[in-house]
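> Take this structure first; my questions come after.
The values are calculated or read from the model by the stated rules, or taken from the named source; none is laboratory data. For clarity, every value in this text was computed on a predicted model and none was experimentally measured. No Cβ is skipped: glycine too gets one built from the backbone with ideal geometry, and neighbour counts run over all protein chains shown.
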Amino acid sequence: MRSICLYLRQPASALTWIGRGVVLVAAALAVMIGGCNRVQKTRPGWANVSGTVTYQGKPLPGGEVMWCTAKDGISIARGGPIRGDGTFALDTPTGPATIAIQVADLKNAQPSRRVEIPAKYADAQKSGLTHEAKEGDNKDVNIDLK
């Protein structure tokens, strides 16, 4: 005697689809929340640098910090945008660096955030701005333009 198996499939109800949606949303939120609290890790020999750029005692509202250093005999320039409150953040190889502040690009892109600073600050070799980055986090690096 041969037996025949019949698989009866019930149509998916709206509740099943809603249940699946809730599970997917919950999983997505768990992934996003877990990723938000991660501490940024630096590569060996590199540093995270953050701080504030001021000009004449006030936060510089825009521009870019250019951090120029050398690693293994190679010159490396790293840049980080200056936010509206004067703060910046970037990663760079450890060691001594010369620093330039660029504001020329703001002339057309965001003229309301552009502040005229002395031209010497646009050239890392002439700016007189230096800092030595240590491995890990280098917070509260203040760059004061006169």
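> Are there strands (runs of 3 or more DSSP E) fully within region 57-123 with at least 1 residues that are touching a helix residue (DSSP H, G or I) at 6+ places or on another chain (Cβ under 6 Å)? List them.
95-102
> I'd like the full set of residues that are surrounded by 17 or more Cβ atoms within 10 Å (Cβ to Cβ) and of a type in the set (Gly, Ala, Ser), limited to region 51-60.
First pass over region 51-60, keeping only residues surrounded by 17 or more Cβ atoms within 10 Å (Cβ to Cβ): 51-53, 55, 60.
Correct list: Gly51 only.
> Within region 70-114, which residues are out of contact with any Cys (no Cβ under 9 Å at 6 or more places or on another chain), closer than 18 Å to Pro44 by Cβ, of a type in the set (A, V, I, L, M) and surrounded by fewer than 17 Cβ atoms within 10 Å (Cβ to Cβ)?
Those that are out of contact with any Cys (no Cβ under 9 Å at 6 or more places or on another chain), closer than 18 Å to Pro44 by Cβ, of a type in the set (A, V, I, L, M) and surrounded by fewer than 17 Cβ atoms within 10 Å (Cβ to Cβ): Ala70, Ile74.
> With (1) in a loop (DSSP other than H, G, I, E, B); (2) modelled with pLDDT under 80; (3) surrounded by fewer than 10 Cβ atoms within 10 Å (Cβ to Cβ); (4) of a type outside the set (Gly, Ala, Ser) as the list, and Thr42 as the residue in question, which single condition is left unmet?
With respect to (1) in a loop (DSSP other than H, G, I, E, B); (2) modelled with pLDDT under 80; (3) surrounded by fewer than 10 Cβ atoms within 10 Å (Cβ to Cβ); (4) of a type outside the set (Gly, Ala, Ser), Thr42 is out only on (3).
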